Every structure is written in C-alpha cells, then in structure tokens.
1. What nm distance separates the two modelled labels at ILE127 and PHE236, each placed 7 Å from Cα along Cα→Cβ?
2. Sorting TYR242, TYR124, TYR231 on the 10 Å Cβ count, fewest up front, what's the list?
3. Wrap a convex hull around the Cα atoms of segment 1-88, take a quarter of its surface area, and give that in square nanometres.
4. Distance from the Cα centre of segment 36-92 to that of segment 279-329, in angstrom?
5. For the chain, what does the relative contact order come out to in percent, with C-alpha contacts under 8 Å and a separation of six or more?
6. Using label points projected 7 Å from each Cα along Cα→Cβ, tell me how many nm separate ALA150 and LEU203, to one decimal.
7. Can you give the net charge of the other residues whose Cβ lies under 12 Å from the Cβ of THR63, counting K and R as +1 and D and E as -1?
8. Once R0 is set to 45 Å, what does the formula 1/(1 + (r/R0)^6) return for the Cβ-Cβ distance between ASN7 and ARG44, expressed as a FRET efficiency to the nearest 0.05?
Amino acid sequence: MADFPLNIDVVVIAALAPILGVTVFWFLQLIFIEIQKRLLSRLRHHHEAFCRFTNYIGIFFQTICQALGYTVTRSGISSFQVTVNYGKVEPKKEKEGVFEWIVRSFLLFGPFFIPAGLVLLVSYGVIGRGFSFPSLVHYTFVESLTGFWASLSTYGTEFVRFLINIDLLNPLHVGFVFVLLFFGLGIRPSYIGQERKEKIDILHDLIHIKDHLLEKPLYLLVIVLLLYLFYILSLFLNPAVYIGLFVIFGWMSLTAIIAILLTYPLLLLIWATDAIQPQWKIVPFITIPVSYIGSRVFFIYYPTNELERVSLLVMFLSTILVTIALIKYKRTNRFKTATKMKHVRVADGKKGTSKK
C-alpha cells in the first residue's frame, strides 16, 4: 500500500496528468498525419498508383480495427473485404447500443494506436532499450507529468539513437526500416482514393471524434468513472500502474510520430524526381544503396568509430546532391533548348523577309 497525503492534488488533479500527456502527443500525431496527407495529395497527380497503395494500407488498418471491435464485442465476423477505396466488415450478429458504440470507437481511434502498438512490439524486440516506467515518490500532478515525460523522453532518445546508428547491411535492421515505412504510411485515416469528393483535414477527423464521444454522453461518463476508480485503486496498490498504462499509449503515439516522420524523406524524394527528366528519375533511388555500400567499403580501409552514422550521412548527402544536380540539369537543358529555338524562329523570320 502506498503512503500518500490525501489532498486535492493527489486524489483528483494528479489523475489528469498522464491523460494530458497522451492527448498532447496524440494531437502532435494528428498534425504530422495532416502534413503527410498534404504531401500525398501533391503526389497524387503523377503517382496515382503509389497513393492508392498507401490508401490501401490505411484502409486495411481501419478495417482490421473494425474487425477487432466486432471481435471484442463478440459479434463475430461474417465477411472481410478491403480494396483501395473502401473496407467492409460484416458481423455475424448485429448488436446495438454500447456494443455498436464500442465498434465505432475501434474504427475511429484504432488506426491511431493499434498499428503503432504493433510497431512498438517489433521495436521492443529490435531495439530493446528505453522501455522504462516512472517511479514516483510524491504522486502529484507535476511529478506525474514529469514522470510521464521522462519515460517518453527516454524511449524517444533510444529510438532516435538506434535510427542514426542503424546498420543497413543488417537484414534485421533493414526489415525494421521497411516495417516503419509501411506502418508510417498507414497510421492515418485514409481519404486519398480515386476521387476526392470533399476537403477532409484534421478538423474533419476531430469533428467526427467529438460527435462520436458526445453522441452517447452516458458511455463517456462511465469510462471516466472507471478510469478514476482504476486511479484510486492504483493509489492504494501501486501508484505507478495508472501512469504506466498511459505511458504505453504515449509510446504508441510517439512511435507513430517517428514512423510518420520517416515517410517524409521518401515522399519528398518522390516529389523531387518529378522535376527530373524521365530517363534519369531512377538515379536518386539507385544512389541510396550505392552510396551507402560504397561508404561502408571505403571505411573498411579507413576505419572510424562512427561507421554506421557517417555512412548514413554520406548516403543522405549523396542522394540530395544527385537529385539537385539532376533537377538543375533538366532546367539548364530546357533553357538552352528554348534559346536555340528562339534563334531559329528569328532566323526563319529574317530569311522570309529577305525573300519578300
């Protein structure tokens, strides 16, 4: 049994600290998702197949979340269908009331956390560090919020340290990068289909979530009361259990943010290649493995303590420089061609005038 003073901070206000922390990271996740959707929208005109593929990933996760909702409510699943434009799950038993509300909750909130939870499990096996829960002395609002932030900071630091020192010649590490990119493209509601009928942004997502929560205020009140009861019990048994639960959700949200951020360089590279002549578009993508392997071979003869990190830096710089050079080459080539055509037209005009 924990020893704590019975005051308003401990009994009521401290319970809000981890909830506030998760909410902040979830809003950050929404912002990065919105940026990603805008990048994908820019690619849609020239890369329809790629955008439809990313849409399929997102719809697949949404459909999985809905199927999990039917499984949790013991409704069963009679059919499961996923396409690039929509996903459809039909239950064996139609249930209404709280069961229908739970399924809807899985559909709305699941894509933000369930795919990230799967990546979190994979990262625990690959990284294996940074998973520390806070140990509280005084269970106050400030200490709870500080402990929550410390746990997420430790996890995020270890995750980033792993990424900047990743060994791309290690098949396990390469597979983990592909997992991050795959899930990073799908940790979002999917609205980029064959036709975009309306403007759907972060406000649209928030309005849907708000309407869902306020549709059944009694259900929301029951959830709040259950969370508070769990908080009070944890005070007497183990105060770290309550905040530890929200730390896990914070890890999921932070994992989703990192996975989404990793997709930005890929999307920007695809967008940049649109400004390159068609026969050279593949070169920036070839530069990625060639520059990395070349730098690793170079450092065999000239060893360094920061082998993986320097090789990654060489790979990024080489890809950026090659892409910029190819873009400038196309623009320069166009300018020269335009100048030559202008001289030809002027010459033809003069020649025609002299004939008259």
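1. Modelled inter-label distance: 3.7 nm.
2. Listing TYR242, TYR124, TYR231 from fewest to most nearby Cβ atoms yields TYR124, TYR231, TYR242.
3. One quarter of the hull surface, i.e. the mean projection, equals 9.6 nm².
4. Centre-to-centre distance over Cα atoms comes out at 35 Å.
5. Values: 374 pairs, mean separation 85.1, N = 356.
Reported relative contact order: 24 percent.
6. My value for the distance between the label points is 4.1 nm.
7. 0
8. The pair ASN7/ARG44 has a calculated efficiency of 0.20.
Any read-out appearing in this document is the output of simple, stated calculations on the displayed coordinates, not a laboratory observation. In this text, all values refer to a predicted model and were calculated from it rather than measured experimentally. Cβ coordinates were reconstructed from backbone atoms using ideal geometry, including for glycine residues, and neighbour counts include every protein chain displayed.
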